[in-house]
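Here is the structure we will look at.
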Amino acid sequence: MTQTQEEQKHAVAQAAIQYIPTGSIVGVGTGSTANYFIDELAKIKHKIDGAVASSDDTAQRLRKHHIEVLDLNNVSELPVYIDGADEITEHLHMIKGGGGALTREKIVAATAKKFVCIADQSKLVGVLGTFPLPVEVIPMARSYVARAIVQQLGGRPVLREGFITNNGNVILDVHGLEILNPIELETDLNQIAGIVTNGLFARRGANVLLLGTDNGIRIIDI
Ligand code: 5RP
């Protein structure tokens, strides 16, 4: 039976619960799929010790469910981080940041032992780059970074109008990239002064993908 995109998101959010060890602190992502996950997490909140949020929106939703939100600096161990993606490959490299939370997402993902990505089937791609690559930039560096991206990468950066990140920065969405080597591009972008974070999650990709499909959940585990 065909499942809608929303049903697929809900199904993978439910399935992610089994990756949470009892008594652990859970890293929680941002976005519509992560929101389904937060609602599922609320049902087992008595089994966890709290959560670390990757954005203010996520923190707010967790608190609404009376799940304790902890400062990452006070957490010594984070067994699992659960989040969505804008695009993901079979190698579990991702583009993230459609919701603008990429910097905190990358920090929480880096801290976590295991990254479980939850996504509907539309997110699985052969090559990353159809979804414009979000790049978080210090506001004074906006023009410099945009020029560097055009000259060095041939991408077409577009300022995300009217959007400021939780860290007080702006986002450039880079169109027109065909990302054949995501680890290399992630590394190169990190060298441009003024870029805080780029939305490639390849150096630290996901460990597991729970992909919602018309035929149920497909698991890719590497
Ligand atoms: C937010 C993100 C999200 O994980 C990504 O945008 C996917 O969102 P959704 O689950 O709503 O499709 O990176 O910064």
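The values are calculated or read from the model by the stated rules, or taken from the named source; none is laboratory data. What you are looking at is a predicted structure, and each value in this text was computed from that prediction instead of being measured. As a convention, Cβ positions derive from the backbone with ideal geometry for all residues, glycine included, and neighbour counts pool all protein chains shown. Quick note on the areas: whole protein, heavy atoms, side chains included, nothing else; ligands and nucleic acids left out. Shrake-Rupley method; radii C 1.70, N 1.55, O 1.52, S 1.80 Å.
Before moving on, here are some points about what is shown:
- In the set (1) more than 14 Å from the ligand (Cβ to nearest atom); (2) surrounded by 17 or more Cβ atoms within 10 Å (Cβ to Cβ); (3) within 20 Å of Asn207 (Cα to Cα); (4) not polar (S, T, N, Q), the condition left unmet by Ile48 is number (3).
- In this structure, His65 does satisfy being free of Cβ contacts under 8 Å to residues at least 40 places away in the same chain and either more than 9 Å from the ligand (Cβ to nearest atom) or more than 15 Å from Leu200 (Cβ to Cβ) (or both).
- Residue match in the range 70-83 (condition: closer than 26 Å to Ile217 by Cα and more than 16 Å from the ligand (Cβ to nearest atom)): yes
- Flag for Gln60 being free of Cβ contacts under 8 Å to residues at least 12 places away in the same chain and either within 16 Å of the ligand (Cβ to nearest atom) or surrounded by 24 or more Cβ atoms within 10 Å (Cβ to Cβ) (or both): yes
- The range 1-45, subset open to solvent by 30 Å² or more (accessible area, probe 1.4 Å), part of a helix (DSSP H, G or I) and within 17 Å of Asn207 (Cβ to Cβ), residue farthest from the ligand (Cβ to nearest atom): Gln18
- Condition check for Ile195: open to solvent by 70 Å² or more (accessible area, probe 1.4 Å) and at negative phi: no
- Test result for Thr33, touching a residue at least 12 places away in the same chain (Cβ under 8 Å), hydroxyl-bearing (Ser, Thr, Tyr) and more than 24 Å from Asn73 (Cβ to Cβ): yes
- Residues that are assigned to a loop (DSSP other than H, G, I, E, B), touching a strand residue (DSSP E or B) at 6+ places or on another chain (Cβ under 8 Å) and closer than 20 Å to Glu136 by Cβ, drawn from the range 61-101: Gly84, Ala85, Asp86, His93, Lys96, Gly97, Gly98, Gly100
- Test: residue in the range 124-146 that is more than 10 Å from the ligand (Cβ to nearest atom) and without any contact (Cβ under 8 Å) to a residue 24 or more places away in the chain: yes
- Restricting attention to the range 95-119, the residues that are away from the ligand (no atom under 11 Å from the Cβ) and either crowded, with 24+ Cβ neighbours inside 10 Å or closer than 18 Å to Pro21 by Cα (or both) add up to 7.
- Taking every residue in the range 1-20 that is touching a residue at least 40 places away in the same chain (Cβ under 8 Å) and under 19 Å from Leu78 (Cα atoms) and pairing it with any residue that is away from the ligand (no atom under 15 Å from the Cβ) and in a loop (DSSP other than H, G, I, E, B), at least 6 positions away or on another chain, the pairs with Cβ-Cβ distances below 8 Å are Ile20/Ile44; Ile20/Ile48; Ile20/Pro79.
- Every test in (1) at positive phi; (2) touching a Leu at 6+ places or on another chain (Cβ under 6 Å) is passed by His66 save one, and that test is (2).
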